[in-house]
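Peer 1: Got a structure here, written out as structure tokens. Questions coming.
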Amino acid sequence: MSNLPLEIISLLSDGEFHSGSSMASQLSITRAAIWKHIQALVSMGLPVETMKGKGYRLLRPLDLLSKKKIVGLLPSVVAGQISILDVLLSCDSSNDYIAAKGPVHGSVCFTEHQVRGRGRRGRQWVSPMAQNIYCSIGWLVQDGVQSLSGLSLAVGAGLARWLDGEGVKGVGVKWPNDIVVNDQKLAGILIEVSGDLQGLCGLTLGIGLNVAMERADIDQPWVSLRSLGVNRARNELAAAMLKAVMPVLQNYPERGFQQYMNEWARYDACCSRQVRVQTASGSTDGVALGVNQEGALLVESEGRLRVINGGEVSLRLTS
């Protein structure tokens with residue numbers, strides 16, 4: 001995507017009305033082109049008001065992400081783990097963008113909007129423009145796919161610890177990949193892995209965090225940081241999130257999930273609660289009893305202990 005949409009946003013950022021003709025003159029394009037770009041931005045969720053005889057204006061200020069600001073807020077030890085950092089206005093999905101780059105260790109992508117954002121099991125991740133944080137990280141691991149068992153739980157625990165420090169009360173992790181507050185979804189984690197079972201493999205870690213989302217057609221309860229009283233700038237949140245996650249990726253192959261089990265238990269939103277586990281073969285009701293050393297969920301059902309691994313599994317809290 002060209003820089004024109006960002007230039008249009010910049011012109012509108014003062015909150016005043018700007019006519020199509022004046023914007024066209026400043027950007028050396030036609031009024032029709034201005035209109036088309038405005039419609040595209042509105043379809044992404046940009047809050048633009050159109051008034052005949054006056055033109056266009058933003059209904060609220062935008063806190064756009066900035067590569068320069070994010071990097072400037074990172075400690076050197078974390079910044080040194082990043083090989084490429086891209087900030088996009090829009091893309092199909094940040095995970096797809098990272099995957100398309102190939103095996104680039106430490107590549108990071110933030111995007112303001114996703115056309116085809118997704119969560120686990122191919123579900124849509126609603127991605128309104130410039131309201132939340134959508135981030136993906138590419139990482140290479142030498143010890144094979146099996147060394148990554150439980151990684152989504154470790155990342156979840158790291159995010160929960162960070163959000164706890166931000167003052168989010170009651171933050172928890174719902175196995176295997178949701179950050180929740182009072183059973184309302186605040187963030188989601190999606191890890192996609194390719195490569196050798198025992199040798200070099202690449203992973204793409206995607207994180208979606210609700211920051212200032214106001215309205216969304218989502219089929220489950222959700223919450224945002226803004227509604228929880230966290231009002232930090234999005235660039236600060238983006239940098240702080242990387243600061244929480246990058247050390248987990250850096251250390252995980254040698255440390256494994258065992259080093260995160262106590263922290264996971266602290267934020268486990270499912271433990272001792274009634275759950276329903278849905279797999280391809282049917283559903284099972286029982287009581288969640290934490291996880292084992294590989295990050296598999298332990299569920300007591302009908303007098304026996306079941307070990308539930310990730311993958312195509314859906315978990316619902318029923319009490």
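Peer 1: Classify region 173-319 as rounded, prolate or oblate from the Cα gyration tensor: take a ≥ b ≥ c as the square roots of its eigenvalues, call it rounded if a/c is under 1.5, otherwise prolate when a/b beats b/c and oblate if not.
Peer 2: Working: a/c = 1.79, a/b = 1.17, b/c = 1.54.
Here region 173-319 falls in the oblate category.
Peer 1: Also, I was wondering about something else. Let me have the relative contact order for region 187-319, percent, based on Cα pairs under 8 Å that are six or more residues apart. Each step should come with its number before you reach the end.
Peer 2: Values: 149 pairs, mean separation 18.7, N = 133.
In percent, rounded to a whole number, it is 14.
Peer 1: Note down the relative contact order for region 131-254 as a percent, whole number, built from C-alpha pairs under 8 angstrom at least six residues apart. Each step should come with its number before you reach the end.
Peer 2: Values: 207 pairs, mean separation 42.7, N = 124.
After rounding, I find 34 percent.
Peer 1: Could you sort out which of K67/K185; K185/K243; K54/K185; K54/K101; K174/K243; K36/K243 sit more than 32 Å apart by Cα distance in this structure? Mind dumping the intermediate values first?
Peer 2: Values: K67/K185 27 Å; K185/K243 22 Å; K54/K185 40 Å; K54/K101 43 Å; K174/K243 22 Å; K36/K243 39 Å.
The pairs that break the limit, which is 32 Å between Cα atoms, are K54/K185; K54/K101; K36/K243.
Peer 1: May I ask you to work out the translational diffusion coefficient for region 160-250 at 37 °C, viscosity 0.692 mPa s, via Stokes-Einstein with Rh from the Kirkwood sum over Cα pairs, reported in whole µm²/s?
Peer 2: Result for D is 228 µm²/s.
Peer 1: Along the charge dipole of the chain, which of V245, V223, W139 sits closest to the positive end, that is, farthest toward it, with unit charges on the beta carbon of Lys, Arg, Asp and Glu (+1, +1, -1, -1)?
Peer 2: So the residue furthest toward the plus end is V223.
Peer 1: Something else about it: Using a simple charge model, +1 on the beta-carbon of Lys and Arg, -1 on the beta-carbon of Asp and Glu, nothing else, what dipole does the chain show about its Cα centre, in debye to the nearest 20? Show your work: numbers first, answer last.
Peer 2: Details: 31 positive and 28 negative charges, 137 e Å.
Rounded to the nearest 20 debye, it is 660 debye.
Peer 1: Moving on. In percent, how large is the relative contact order of region 188-244, given Cα pairs closer than 8 Å and 6 or more residues apart?
Peer 2: On the way: 40 pairs, mean separation 13.4, N = 57.
Reported as a whole number, the value is 24 percent.
Peer 1: Between L4 and R316, what FRET efficiency comes out of the Förster formula 1/(1 + (r/R0)^6) with R0 = 41 Å and r the beta carbon distance, rounded to 0.05?
Peer 2: 0.35
Peer 1: Turning to a different aspect of this structure: How much FRET efficiency would the formula 1/(1 + (r/R0)^6) give for A280 and S83, where r is the Cβ-Cβ distance and R0 is 45 Å, rounded to 0.05?
Peer 2: On the way: r = 38 Å, r/R0 = 0.84.
About 0.75, to the nearest 0.05.
Peer 1: Still on this structure, I have one more. Ignoring ligands, DNA and RNA, please state the percent of accessible area on the chain from carbon and sulfur, probe 1.4 Å. Spell out each step's value before the answer.
Peer 2: Working: 7110 of 15100 Å².
Ligands and nucleic acids excluded, carbon and sulfur give 47 percent.
Peer 1: Spin-label point model (7 Å from Cα, Cβ direction): what's the A40 to E214 distance in nm?
Peer 2: Distance between label points: 2.4 nm.
Peer 1: Once you've got the GNM for the chain with C-alpha springs shorter than 10 Å, pick whichever of S152, S194, S283 has the biggest mean-square fluctuation.
Peer 2: Maximum fluctuation in the GNM of the chain, among the listed residues, is at S283.
Peer 1: If packing is taken as the mean number of other Cβ atoms within 10 Å per residue, what is the order of 68-81, 96-109, highest first?
Peer 2: Details: 68-81: 14.8, 96-109: 17.8.
Most protected by this proxy first, the peptides run 96-109, 68-81.
Peer 1: If you don't mind, there's one more thing I want to ask. If packing is taken as the average number of other Cβ atoms within 10 Å across a peptide's residues, how do 240-248, 134-142 rank, most packed first? Provide the component values of the computation, followed by the final result.
Peer 2: On the way: 240-248: 20.1, 134-142: 21.8.
The most tightly packed comes first, giving 134-142, 240-248.
Peer 1: Going from most exposed to least, what order do S22, S227 have by accessible area with a 1.4 Å probe? Don't skip to the answer; put the middle values down first.
Peer 2: Values: S22 40, S227 80 Å².
Largest to smallest exposure gives the sequence S227, S22.
The values are calculated or read from the model by the stated rules, or taken from the named source; none is laboratory data. Please read these numbers as outputs of a predicted model, since none were measured by experiment. Note: ideal-geometry Cβ built from the backbone for every residue, glycine included; neighbour counts use all protein chains shown. What goes into the accessible areas is simple: the full protein's heavy atoms, side chains included, and nothing from ligands, DNA or RNA. Shrake-Rupley method; radii C 1.70, N 1.55, O 1.52, S 1.80 Å.
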